[in-house]
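> Next up is a structure, given as structure tokens.
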Amino acid sequence: IKWDASKQGFVAHIKGTPLNNFDLVDGDGYFVNMSDALPTFTVTGQTVVRTFSLLTGLNLVGLPESKISIIKAVDLASDVGSNCISITKWDASKQGFVAHIKGTPLNNYDVYAGDGYFVNVNADTQW
């Protein structure tokens with residue numbers, strides 16, 4: 001499942017069907033629905049350094065390895081810049097979203113390179 005920022009909605013591909021068989025883009029975030037719990041999920045390859053073109057509204061990004069110094073939601077919001085409204089993550093244990101609103105101490109959770117986060121911006125932003 002991927003987030004389409006231009007349509008502000010999800011696009012899902014179901015394994016074994018030709019429907020929505022989208023390309024994976026380095027640095028974008030994705031949801032993977034697993035039928036069984038796995039202790040680890042490994043993706044291998046080269047570290048990607050890129051600039052993200054964030055569209056007004058929600059954008060799902062994979063926190064890049066090049067941003068390894070960002071360790072808290074407040075740090076990520078600050079790094080995105082003045083157009084950032086919030087950073088939201090999926091909490092698998094609670095099966096729900098948790099949002100950090102920029103400028104507040106609420107939900108200042110740890111962030112990890114390689115994990116996906118919704119970045120909400122109030123204007124198109126280069127990050």
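> Taking only the C-alpha atoms, wrap a convex hull around segment 75-127 and report its volume per residue in Å³ as a whole number.
Values: hull volume 4.5 nm³, N = 53.
Output value, Cα hull per residue: 85 Å³.
> Give me the log10 of I(q) over I(0) for segment 1-73 at q = 0.12, 0.13, 0.24 Å⁻¹, as the Debye formula computes it from C-alpha points; what are the numbers?
So the normalised log intensities are -0.42, -0.50, -1.33.
> Which residue, N107, N33, N20, tops the fluctuation ranking in a GNM of the chain built on C-alpha contacts under 10 Å?
N33
> Quick check: from the Cα gyration tensor, does segment 39-127 come out rounded (a/c under 1.5), prolate or oblate? Numbers along the way, then the final one.
On the way: a/c = 1.66, a/b = 1.14, b/c = 1.47.
Oblate shape, in that a/c is at least 1.5 and b/c is the bigger or equal ratio.
> For the chain, what % of the accessible area comes from carbon and sulfur atoms, probe 1.4 Å? Please list the in-between numbers first.
Working: 4470 of 8280 Å².
Summing carbon and sulfur atoms, their accessible area is 54 percent of the total for the chain.
> Given a 1.4 Å probe, how much area per residue of the chain is accessible, in Å²?
On the way: 8280 Å² over 127 residues.
Value returned for the chain: 65 Å² of accessible area per residue.
> Please find, in a Gaussian network model of the chain (springs between Cα atoms separated by less than 10 Å), the residue of S66, S35, S82 whose mean-square fluctuation is greatest.
Its mean-square fluctuation being the largest, the pick is S35.
> Which trypsin sites (Lys or Arg not before Pro) does segment 48-127 hold that lie in a coil by DSSP with at most 16 other beta carbons within 10 Å? Working shown, then result.
Numbers: sites: R50, K67, K72, K89, K94, K102; in loops: R50, K94, K102.
Answer by residue number: R50, K94.
The values are calculated or read from the model by the stated rules, or taken from the named source; none is laboratory data. Note that this is a predicted model, so its numbers are computed, not measured. Here Cβ is always computed from backbone atoms with ideal geometry, including for glycine, and neighbour counts include all displayed protein chains. Please note that ligands, DNA and RNA were not included when accessible areas were found on the heavy atoms of the full protein model with its side chains. Shrake-Rupley method; radii C 1.70, N 1.55, O 1.52, S 1.80 Å.
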